[in-house]
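Have a look at the structure below before the remarks.
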Amino acid sequence: MLVSRIEPAEPDIVSKALAKNRLGVPSVVFFGVAGAAPLTVIIGSITTIYAIIGSTAVPIAYLVTAGLLSLFTVGFVAMSRHIVNTGAFYSYISHGLGRIVGVGAAFVALPAYSLMQIGLFGLFGSVASGILGAFGFAVPWYACAIAAWFAVAVLGLLWVDLSGKVLAVLLVLEIAVVLIYDLVMVSNPADGHITFSQFSPAPLATPVVGVLLVLAIAGFVGFEATVVLSEEAKDPKRTIARATHIAVILAGVLCSLSAWAMSVNTGPDQIAAKAAQHETDLVFTLVGPHLPGFMVDLGYVLFLTSVFAALLAFHAAVSRYQFALGREGVLPAAWGRTHPRTGAPLLGSITQSVLAIIVLSLYALVGSDPLVFVFAWLTTIGGLGVLILMWAASAAVLAFFMRNRRRESIWKAYIAPATAFLLLTIVLAATCIGFGELLQVDGDSPFQWLIPALYLAIALVGFVWAIIMRAARPEVYAAIGRGTEGRVNVVPDSSMLRALHADPVGARSGYPY
């Protein structure tokens, strides 16, 4: 007797896979550090923090922030050894706090990473336009941004290890120049004396600590991009853990060292005034008298390539989030397919490129300042979304291991995630309360509360969508956050379907709803 075979109603999600075994530890580190963009942070963010806050505690603030994020990373990468999914935060939150919360997190992640990337085009365009202007070429910021957009759009569709090689070259040069500049600044201290008072924790006990830590955390956003690449990494359970820890430590040390070197060169009592005077030219002004002209020019060029590296890293992150959601049915299935030759997320990459060109064109048409309204605003708004994801992910890690420790140590499973959750709760609360100050808007501006409220509304839409999926497409709902763990076929029998709800394929020791 012939037995008819039950075919899946749609292609198996496992067949929609990213390219395997493409990236080793160095390449994944490059993506993580590129997302954090240390040279961009050093030249742009650190000088801005000195100018706005006026505190000499910036070096210790970056070390404290690196310590906080290292605590977060302990549980984060411990969970990565049990869940390999390019959905990263979305997947982890789904496993730890349930599918409904996970889909809400995914809805937050998409605009957050997208805005971070689009905002960086404003910085790239402005810096590139200024560099070309110094050589006598009057090129508008928008034209420069479009050139970068085209390069990122092409690389986003090619082999991910090719992007890794591009980032490797750019970041090695970038870090080398940062270290040379730091050495020059420390070798020429104000009044001939090197001071380490900037590492005193005492200033952190002042009211400015909240804003200071929030701005410092914004400089690390992007390091978590390492986990987004887990399905494309070689031996991901080891590669991702090592790469993420290295990315956090490397970014923290570089930023802290450079912030200290600036204050040594100007003198701690003069750094705020000098930063307010020179802004993003501060570092180049400080090292200019002591280096050949070509070294200063090289710094400007590498500042530009640092921004480009971050653009490439964030494009990879947002396109892979869209891929994960398409593969698991949260987005239409078309987003869950990859390029047949390169294995890159196809529609996710194209969607982000199209969205970026539309937003940039609108800003160009209305004549907005690319540094303020494109770069500063969009990256700050996107950074809040990523901070929300970190906060939720720290809770998810704790909940995940509370159900089953899975041979992880008590430190990795409980203590570090719980401490990270507590500290991130404080930082997130301070960020939401003072968000208007971060955007530098008036006290009566609706932007004081509008952006956090919009993120809450977006998350609620995700919750509702997940509930609808649970009722209308239970077999798809069962696959949420599961990635490539197993197959999901249509179950013809209602009792079997109920069983699937009770213990879905791929669930591990209790997967909450």
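Restricting attention to region 331-344, which residues are under 17 Å from Gly102 (Cβ atoms) and open to solvent by less than 10 Å² (accessible area, probe 1.4 Å)?
Step one: of region 331-344, the residues under 17 Å from Gly102 (Cβ atoms) are 331, 335-336.
Gly336 - this is the single residue of region 331-344 that is under 17 Å from Gly102 (Cβ atoms) and open to solvent by less than 10 Å² (accessible area, probe 1.4 Å).
Report whether or not Gly125 is more than 17 Å from the chain's Cα centre (by Cα), within 30 Å of Met402 (Cβ to Cβ) and modelled with pLDDT of 90 or more. Spelling it out, it is not the case that Gly125 is more than 17 Å from the chain's Cα centre (by Cα), within 30 Å of Met402 (Cβ to Cβ) and modelled with pLDDT of 90 or more.
Hey, among the residues in region 445-499 that are assigned to a helix (DSSP H, G or I) and charged (D, E, K, R), which one's modelled with the highest pLDDT? My answer is Arg470. Criterion applied to Ala134, Ala145, Ala138 was being of a type in the set (A, V, I, L, M), more than 23 Å from Ala324 (Cα to Cα) and either in contact with a Lys or Arg (Cβ under 6 Å, 6 or more places away or on another chain) or at pLDDT below 90 (or both), and the one residue passing it is Ala134.
Of all residues in region 164-189, those being modelled with pLDDT of 85 or more, assigned to a helix (DSSP H, G or I) and surrounded by fewer than 18 Cβ atoms within 10 Å (Cβ to Cβ) number 6. Scanning region 247-263 for residues that are of a type in the set (A, V, I, L, M, F, W, C) and over 14 Å from Ile175 (Cα atoms), we see that the one that is most open to solvent (accessible area, probe 1.4 Å) is Trp260. For first residues located in region 330-356 and free of Cβ contacts under 8 Å to residues at least 12 places away in the same chain, partners that are in a helix (DSSP H, G or I) and lie 6+ apart or on another chain with Cβ distances below 6 Å form the pairs Leu331/Leu325. From the list Ile100, Ile46, pick out the single residue that is farther than 25 Å from Phe323 by Cβ and either assigned to a helix (DSSP H, G or I) or out of contact with any Lys or Arg (no Cβ under 9 Å at 6 or more places or on another chain) (or both). On inspection, the qualifying residue turns out to be Ile46.
Counting just the residues of region 365-379 that are modelled with pLDDT of 85 or more, in contact with a Gly (Cβ under 9 Å, 6 or more places away or on another chain) and in a helix (DSSP H, G or I), which one comes out least open to solvent (accessible area, probe 1.4 Å)?
Restricting to residues being modelled with pLDDT of 85 or more, in contact with a Gly (Cβ under 9 Å, 6 or more places away or on another chain) and in a helix (DSSP H, G or I), the top hit is Val374.
Within region 66-112, the set of residues being of a type in the set (Val, Ile, Thr) and at pLDDT 90 or above comprises Val74, Ile93, Ile100, Val101, Val103, Val108. Condition check: part of a loop (DSSP other than H, G, I, E, B), modelled with pLDDT under 90 and open to solvent by 30 Å² or more (accessible area, probe 1.4 Å). Does Asp269 satisfy that? Answer is yes for this residue.
The values are calculated or read from the model by the stated rules, or taken from the named source; none is laboratory data. Since the structure is predicted, the reported quantities are computational estimates derived from the model, not experimental observations. As a convention, Cβ positions derive from the backbone with ideal geometry for all residues, glycine included, and neighbour counts pool all protein chains shown. The area values use the complete protein model at the heavy-atom level, side chains included, leaving out ligands, DNA and RNA. Shrake-Rupley method; radii C 1.70, N 1.55, O 1.52, S 1.80 Å.
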